[in-house]
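Right, one structure below, let's go through it.
The values are calculated or read from the model by the stated rules, or taken from the named source; none is laboratory data. Note that this is a predicted model, so its numbers are computed, not measured. All Cβ positions, even for glycine, are placed from backbone atoms using ideal geometry, and neighbour counts span all protein chains on display.
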Amino acid sequence: MSPARAAATAWLTLAGAAALAQGQPDLRPALPAPPHAGETRCGACHTAESWGDVAFAHERTGFPLRGGHRRAGCKQCHPGSFARPLSHQCDSCHRDPHRGQLGASCRGCHDEESWKSRFGADAHRRTGFPLNGRHAFIACEQCHGDMLNRGGARPVSTCYDCHQAAYARTGQTGLDHAASGLGTDCRECHSPWRFGGAFFPAHERCFAIASGPHAGIRCLGCHTSLGSAVATGACFTNTAACTRCHSCADVGPRHASVLGYQCVDRKCYECHRFSAQGAALKGTRRP
């Protein structure tokens, strides 16, 4: 209490006592109620220098004040009596924007310094969908929606959940995935870094393109059309155009002594099947 307030209180007390002694009514203003429900041990929290210097050892309550909690005013958490115990659960003070879907403990993703999420790529591995490649650099809402309050309300587990539009656009970009019978698991052919540079694993059994001189060639760089990409095991689509790159004028002289040579696409494949190990020829017939 300040000296001025103490003097005023003492004067009112003396004046009231004198009035009462003379039989007059007590017209003194009522003293304000104690701010802490009758607690008078000011030194338990305050210093003698200032009321604003609160030195309460909050760790004795089992809830030490760290980070942003140290900057909060006492009444922000204790709007009523300090004698009423508070729950230590985060959602007793903080509104849950996730609507209970991520549990009641904020500490799993947030620290006490800020609300910035710590749920990064490493933590995401626990969900069964590790954030590989480009997935590690995109915002949570881009996959989970609910951009208003970042609730993460829409769970995502398959490629198609996010990439439906990209799948539909393939009809205008060369290989119509739906018409070709390709599935919706992007990981079968694409890397997590980009859609370009796709790799069709079933192609290796018939003609290796993972390594060797044909590595990295686009589908329509060799095939005239791609009516179906379903692997049947027949290793024959009748669409591979070897002579489009390997002209007859160039390869003809080099095959002059090869028995049965014809400058026909199918004939090229009968002799030249690049193995997955990168060998130039497999099953080459010589005179």
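A few comments on the model shown:
- Residue count, region 246-275 (criterion: within 25 Å of Leu175 (Cα to Cα) and loosely packed, with under 12 Cβ neighbours inside 10 Å): 1
- Residues in region 103-133 that are of a type in the set (A, V, I, L, M, F, W, C) and over 15 Å from Cys143 (Cβ atoms): Ala104, Cys106, Cys109, Trp115.
- Enumeration of residues in region 62-94 that are assigned to a helix (DSSP H, G or I), surrounded by 13 or more Cβ atoms within 10 Å (Cβ to Cβ) and over 29 Å from the mean Cα position of the chain (by Cα): Cys74, Cys77
- Filter result for Phe82 (free of Cβ contacts under 8 Å to residues at least 40 places away in the same chain and either on the phi > 0 side of the Ramachandran plot or of a type in the set (A, V, I, L, M, F, W, C) (or both)): no
- Being at pLDDT below 80, within 30 Å of the chain's Cα centre (by Cα) and outside any loop (DSSP other than H, G, I, E, B) is a description that does not apply to Gly196.
- Residue, farthest from the chain's Cα centre (by Cα), within region 95-104, restricted to residues that are within 23 Å of Arg66 (Cα to Cα) and at pLDDT 75 or above: Arg95
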